[in-house]
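Working notes, structure below.
The values are calculated or read from the model by the stated rules, or taken from the named source; none is laboratory data. Worth saying up front: this structure is predicted, and the values here are computed from it rather than measured. Glycine gets a Cβ as well: all are built from the backbone with ideal geometry, and neighbour counts include every protein chain shown.
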Amino acid sequence: KACEVACKQWNQLPEDGFFFSGMSYDNTVALGASTWRHVSFVERPVALAPQNAGAFSWLMSSDVCKHCARAGCLENCPTGAILRTEFDTVYVQPDICNGCGYCVVGCPFGVIDRREDDGRAWKCTLCYDRLTEGMTPACAKACPTESIHFGEVEDLREAARNRVEALHERGVHQAYLYGVDAENQPGTEGLNAFFLLVDRPEVYNLPPDPVIPTKRAAESWISMGFAALAMAAAALGAVAVGNKR
Ligand code: SF4
Ligand code: SF4
C-alpha cells in the first residue's frame, strides 16, 4: 500500500475513517473523495497457475482514476470544472466545482466522489503539480515493486503487451490487458491508466464493459423519439375511438 500512502501524503488528503472491514487486509475498501489510490487484496480459493501453492491465491490490485480517453465525469460536468490537461489527464478544478454531483454518475468506474464536508467532487489528479515539474506521480515513485509504471502512454502500451506475452510464455495464460486502447474498451475509447489482470474484471471490482453515459445519448434520444411517437399514436387512437362513440 505504499502507493496509497504516498498519494495521501503528497496530496494532503484527509483520513476517511479508521475501521476494520473484515475484507482481507483491505480496510480502505474503495476509492473515494479522499482516497485517490486504493489497493485491494483479493483472496481467491483458486491457484494462480503456474504457482504451486494449493487452492489459494492473492491478487493485489492498485486502483485509481483511469483518466479515460472519453471521460464520463468530464462530459457530464455542466460547469466546466473538469478539464483535459496538456498531459491528457482529467483534472477537477476545485475552485469552479459547485458540488452538483453530475460527474459522480457519469463515471462508469465509481471513481469520482463528493466530499461530505465541502460537497465538492474530488479525484486523482495524476499529481498534476508533480507533472508540471517533470516529476513522476507519487504513487509510481513510491511503488517498491515497480508494479505502477509511469511514462508516455504509447510506450506503456507496448511494454504492457510485451509483459502479457512474457507471462503467457511463463504459463500465466490468463493474463490480459484491461482498457489498454479504444478497440479493447470502446465504451471509454481506452484508458490512460490501464491494468494487467489475471481474472475477470469483476473479481477486481472493475466493470466488464464500461460505457460513459454520453455515448448512450443517441440511443436514448432515439428511444425517447419512439416512445413519444407511440404515445402520440395511442392518444390519437383514444380520441378517434371517443369520437366514434
Ligand atoms: S475513471 Fe471516472 S473519474 Fe476518472 S477520468 Fe474516467 S470517468 Fe472520470
Ligand atoms: S460536482 Fe463539480 S466537477 Fe462534478 S459535475 Fe458538478 S460542478 Fe462538475
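Of everything listed in (1) free of Cβ contacts under 8 Å to residues at least 12 places away in the same chain; (2) more than 23 Å from Y102 (Cβ to Cβ); (3) in a helix (DSSP H, G or I); (4) of a type in the set (A, V, I, L, M), the single unmet condition for A218 is (2). For region 174-208, the set of residues classified as surrounded by fewer than 16 Cβ atoms within 10 Å (Cβ to Cβ), within 25 Å of R44 (Cα to Cα) and free of Cβ contacts under 8 Å to residues at least 60 places away in the same chain consists of R200, E202, P208, listed by residue number.
Does L126 meet the test of being of a type outside the set (S, T, N, Q) and in contact (Cβ under 8 Å) with a residue 60 or more places away in the chain?
Details: of a type outside the set (S, T, N, Q): yes; in contact (Cβ under 8 Å) with a residue 60 or more places away in the chain: yes.
Yes; evaluated as a whole, the condition is true for this residue.
Would it be correct to say that R114 is within 16 Å of ligand 2 (Cβ to nearest atom), basic (K, R), surrounded by 13 or more Cβ atoms within 10 Å (Cβ to Cβ) and without any contact (Cβ under 8 Å) to a residue 60 or more places away in the chain? Break it down stepwise before answering.
Details: within 16 Å of ligand 2 (Cβ to nearest atom): yes; basic (K, R): yes; surrounded by 13 or more Cβ atoms within 10 Å (Cβ to Cβ): yes; without any contact (Cβ under 8 Å) to a residue 60 or more places away in the chain: no.
So R114 does not fit the description; no.
The residue of region 148-194 that is farthest from G106 (Cα to Cα), among those that are aliphatic (A, V, I, L, M) and assigned to a loop (DSSP other than H, G, I, E, B), is V172. Among the residues of region 23-44, are any touching a Leu at 6+ places or on another chain (Cβ under 7 Å), small (G, A, S) and modelled with pLDDT under 95? No; the residues of region 23-44 include none that is touching a Leu at 6+ places or on another chain (Cβ under 7 Å), small (G, A, S) and modelled with pLDDT under 95.
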